[in-house]
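A.B. asks: Sharing a structure, written as structure tokens. Questions coming.
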Amino acid sequence: MIKLAFYGKGGIGKSTAASNVSVALAQKGLKVMQIGCDPKADSTTFLHGGERIPTVLDLVRKGESFDLEDMVRVGYNGVVCVEAGGPVPGLGCAGRGIIAALEELEKKGAYEKYQPDVVIYDVLGDVVCGGFSMPMRKGYADKVFIITSGESMSVYAAANIAMAVENFKSRGYASLGGFILNKRNVKNEEEKAAELAADFHSSVIAEIDRSDLVSEAEDMRKTVMEAFPDSTAAEQYRALADKIAELCGMGEEK
């Protein structure tokens, strides 16, 4: 089982990239589980037709017993979808919520039941403390992929995430797999991303062009991979999935 964490500033297109990569990997014959680690609980939305699924923390807060199936939905192309959720707004710590949710998944035997070949943690990256760093820790993700644009705040957040990965490296935590440039068509975008990657002795493993098809697909409650499988945008997500598979040593077919 290969475990990946996608990090990036809020609104940078992280969940869009994660969901499309999940579908692309599933199309390679791999069993994929995507776990949303953002209090908004919208990581997997377009993998299961836009339906809101119960979050792990929603179920825990009810104080009633529940089964693994209550917090899991199997979406498009068999991608297993889970949303960690967050605290009641204004109360509690979202980071602690991620810790509680991931612990609950282990306790309920999620990985044993669904036996994923690939687990993708989709993590909010504006802060990298406490529970938000949980997917980087030993026993969770093997590699971290950071999504950024050339916008200053996105680059700043990406650098903070990369520094956290670097600081945790000595503890045997996840390593940095590379940067993904999700273009916003700002000046010198490619150069800024390349410079950021070089600062951390890494590389930009893929560039995703800005495309109206992303919003069109989301209006249809689908990923680009499902709605427009023959598009250039879908091909770029396939190329990204191929690169991630290569970096992580995944087999082509099961």
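A.B. asks: Does any residue in the range 163-176 that is touching a residue at least 60 places away in the same chain (Cβ under 8 Å) come within less than 6 Å, Cβ to Cβ, of a residue that is of a type outside the set (D, E) and open to solvent by less than 100 Å² (accessible area, probe 1.4 Å) six or more places away or on a different chain, and which pairs are these?
C.D. replies: Cβ pairs passing all conditions: A174/M136; A174/A141; A174/K143; A174/V144.
A.B. asks: Here is a further query. When only residues in the range 40-74 that are without any contact (Cβ under 8 Å) to a residue 40 or more places away in the chain and of a type in the set (G, A, S) count, which is least open to solvent (accessible area, probe 1.4 Å)?
C.D. replies: G63
A.B. asks: Go through the range 161-205 residue by residue and tally those that are among the small types (G, A, S) and under 20 Å from A239 (Cβ atoms).
C.D. replies: Final tally of qualifying residues: 7.
A.B. asks: Restricting the first residue to the range 201-220 and requiring it to be more than 18 Å from S175 (Cβ to Cβ), which pairs with a second residue that is among the basic types (K, R) and part of a helix (DSSP H, G or I) meet a Cβ separation below 9 Å and a spacing of at least six or different chains?
C.D. replies: That search, which allows pairs on different chains as well, returns nothing.
A.B. asks: May I pose another question? Among the residues of the range 166-196 satisfying the criterion of being aliphatic (A, V, I, L, M) and in contact with a Gly (Cβ under 7 Å, 6 or more places away or on another chain), which is farthest from D142 (Cα to Cα)?
C.D. replies: Ranking the qualifying residues of the range 166-196, first place goes to V186.
A.B. asks: Now for a separate question. Scan the range 109-126 and report the pairs whose first residue is closer than 13 Å to C81 by Cβ and whose second residue is basic (K, R), with Cβ atoms within less than 9 Å and a gap of 6+ or a chain change.
C.D. replies: Y114/K31; P116/K3; P116/K31; V119/K3; I120/K3; Y121/K3; D122/K14
A.B. asks: Of everything in the range 144-203, what is open to solvent by 70 Å² or more (accessible area, probe 1.4 Å) and over 17 Å from I12 (Cβ atoms)? Give them in sequence order.
C.D. replies: Of everything in the range 144-203, those that are open to solvent by 70 Å² or more (accessible area, probe 1.4 Å) and over 17 Å from I12 (Cβ atoms) turn out to be M163, E166, N167, K169, S170, R171, K187, N188, E191, E195, D199, H201.
A.B. asks: Scan (1) in a helix (DSSP H, G or I); (2) out of contact with any helix residue (DSSP H, G or I) (no Cβ under 7 Å at 6 or more places or on another chain) for the single condition N77 breaks and write down its number.
C.D. replies: (2)
A.B. asks: Now a separate question. Which residues, counting only those in the range 204-254, are surrounded by fewer than 18 Cβ atoms within 10 Å (Cβ to Cβ) and small (G, A, S)?
C.D. replies: The answer is S211, S215, S231, A239, G249, G251.
A.B. asks: Considering every residue within the range 90-99, establish whether at least one is outside any loop (DSSP other than H, G, I, E, B), more than 29 Å from M225 (Cβ to Cβ), under 21 Å from the mean Cα position of the chain (by Cα) and modelled with pLDDT of 80 or more.
C.D. replies: Within the range 90-99, one or more residues are outside any loop (DSSP other than H, G, I, E, B), more than 29 Å from M225 (Cβ to Cβ), under 21 Å from the mean Cα position of the chain (by Cα) and modelled with pLDDT of 80 or more.
A.B. asks: Consider K62 carefully, then state whether it is under 18 Å from the mean Cα position of the chain (by Cα), among the basic types (K, R) and over 22 Å from S215 (Cβ atoms).
C.D. replies: In short, no.
A.B. asks: Pairs needed: first member in the range 1-23, within 15 Å of D209 (Cα to Cα) and crowded, with 24+ Cβ neighbours inside 10 Å; second member anywhere, charged (D, E, K, R) and at pLDDT below 95; C-beta distance under 7 Å; at least 6 residues apart or different chains.
C.D. replies: K14/D122
The values are calculated or read from the model by the stated rules, or taken from the named source; none is laboratory data. Keep in mind that what you see is a predicted model, and the values were worked out from it rather than measured. Note that each Cβ is placed from the backbone with ideal geometry, even for glycine, and that neighbours are counted across all protein chains shown. Ligands, DNA and RNA are stripped out before the accessible areas are found, and what is left, the full protein with its side chains, is counted by its heavy atoms. Shrake-Rupley method; radii C 1.70, N 1.55, O 1.52, S 1.80 Å.
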